[in-house]
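What follows is one structure encoded as structure tokens, with my remarks underneath.
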Amino acid sequence: MSATLTLLHDGRADTITVADLSRPTIPREALESMLGWDLQPEGLCRGTMCVPVDQDVLVGEDGLDLRTLADALERPLVTDERHAVAALGASHHDRGQALASLEAPDFTLPDLEGNLHSLSDHRGKKVLLVAYASW
């Protein structure tokens, strides 16, 4: 029995049909359009870079095993079967580069009047961010 899974990755959300929520797969034809990788004989490739992968483990009759794919790309994967959602995090290499740049990721939030403000609007200025949570 197939189910619909929402895959959160790289700042976007894609919906895919999976055969089993406990072991989600991604359709081979969606690999490049969704994640920017292509499966070649030498492994998972993006541009001139290829990551070796055991294709016998990665490729199944339902598609590419998402957990094996995440492991090969050294990206954390969290799945929630109950809510049919999976989140594919950034690799430690990408997170390390972001930290080394000392630049906070951009985000946009409304003020009390509903006007939107982006952090990038204040680049080069000192900014104090105050966060509050009731829990």
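Tallying residues that are outside any loop (DSSP other than H, G, I, E, B) and modelled with pLDDT under 85 within segment 101-135 yields 1. Inclusion of R75 among residues that are within 11 Å of the chain's Cα centre (by Cα) and outside any helix (DSSP H, G or I) is warranted. Among the criteria (1) touching a residue at least 60 places away in the same chain (Cβ under 8 Å); (2) loosely packed, with under 13 Cβ neighbours inside 10 Å; (3) outside any strand (DSSP E or B), the one T4 does not fulfil is (3).
Which one of these is outside any strand (DSSP E or B) and in contact with a strand residue (DSSP E or B) (Cβ under 7 Å, 6 or more places away or on another chain): A98, A87, A70?
Numbers: A98 fails: in contact with a strand residue (DSSP E or B) (Cβ under 7 Å, 6 or more places away or on another chain); A87 fails: outside any strand (DSSP E or B).
So the residue among A98, A87, A70 that is outside any strand (DSSP E or B) and in contact with a strand residue (DSSP E or B) (Cβ under 7 Å, 6 or more places away or on another chain) is A70.
Say whether the condition of being at pLDDT below 90 and either touching a helix residue (DSSP H, G or I) at 6+ places or on another chain (Cβ under 9 Å) or not β-branched (V, I, T) (or both) is met by at least one residue in segment 69-86. Within segment 69-86, not a single residue is at pLDDT below 90 and either touching a helix residue (DSSP H, G or I) at 6+ places or on another chain (Cβ under 9 Å) or not β-branched (V, I, T) (or both).
Looking across segment 21-67, the residues that are in contact (Cβ under 8 Å) with a residue 40 or more places away in the chain, part of a loop (DSSP other than H, G, I, E, B) and surrounded by 13 or more Cβ atoms within 10 Å (Cβ to Cβ) come down to L21, R23, P24, D62.
Looking only at residues in segment 110-126 that are exposed (fewer than 10 other Cβ atoms within 10 Å of the Cβ) and of a type in the set (A, V, I, L, M, F, W, C), the one that is farthest from G11 (Cα to Cα) is L112.
The values are calculated or read from the model by the stated rules, or taken from the named source; none is laboratory data. Small disclaimer: the values here were computed from a predicted structure and weren't measured. Ideal geometry is used to build each Cβ from the backbone, glycine not excepted, and the neighbour counts take in all protein chains shown.
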